[in-house]
């Protein structure tokens with residue numbers, strides 16, 4: 001994500017009326033309240049353990065089934081993704097306070 005962070009990406013998606021399921025996985029505890037603004041499905045704080053991740057993915061899958069969106073999640077709709085199945089690209093952290101809505105990091 002060149003030049004923008006995950007929250008800004010989420011805002012852009014929502015401004016385009018994208019109804020996708022957003023799950024933030026981050027070290028920034030103070031951004032959790034901003035995730036409500038973009039209707040995030042969940043907000044996980046790193047480091048996450050496998051059980052926590054799998055619970056979130058199980059809830060997501062159940063929500064998608066209820067909304068009849070389960071086919072979007074995985075080719076095999078009976079398989080809930082495990083931590084090892086997820087690939088992510090890490091973005092270097094910004095300087096403290098640079099894009100945190102005026103919230104200073106905890107010390």
Is one or more of the residues making up segment 85-96 in a loop (DSSP other than H, G, I, E, B), over 18 Å from residue 9 (Cβ atoms) and either more than 13 Å from the chain's Cα centre (by Cα) or at pLDDT 60 or above (or both)? yes
Scope segment 58-81; condition modelled with pLDDT of 85 or more and either touching a strand residue (DSSP E or B) at 6+ places or on another chain (Cβ under 9 Å) or in a loop (DSSP other than H, G, I, E, B) (or both); matching residues: 59, 60
Which pairs do you get when a residue that is over 14 Å from residue 8 (Cβ atoms), found in segment 18-29, comes within reach of a residue that is modelled with pLDDT of 90 or more and surrounded by fewer than 19 Cβ atoms within 10 Å (Cβ to Cβ), reach meaning Cβ atoms under 6 angstrom, with the pair 6+ apart or on two chains? 21/41; 23/41; 23/42; 25/44; 27/46; 29/45
Looking only at segment 41-57, decide whether some residue is within 15 Å of residue 9 (Cα to Cα) and part of a helix (DSSP H, G or I). no
Matching residues in segment 1-25 (assigned to a helix (DSSP H, G or I) and surrounded by fewer than 18 Cβ atoms within 10 Å (Cβ to Cβ)) number 7
Being in contact (Cβ under 8 Å) with a residue 12 or more places away in the chain and surrounded by fewer than 18 Cβ atoms within 10 Å (Cβ to Cβ) is the filter; apply it to segment 43-55 and report the residue that is farthest from the chain's Cα centre (by Cα). 50
Could you tell me whether any residue of segment 26-39 is surrounded by 14 or more Cβ atoms within 10 Å (Cβ to Cβ), at pLDDT 90 or above, in contact with a helix residue (DSSP H, G or I) (Cβ under 6 Å, 6 or more places away or on another chain) and in a loop (DSSP other than H, G, I, E, B)? yes
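The values are calculated or read from the model by the stated rules, or taken from the named source; none is laboratory data. What you are looking at is a predicted structure, and each value in this text was computed from that prediction instead of being measured. So basically every Cβ, Gly included, is an ideal-geometry build from the backbone, and we count neighbours across all protein chains shown.
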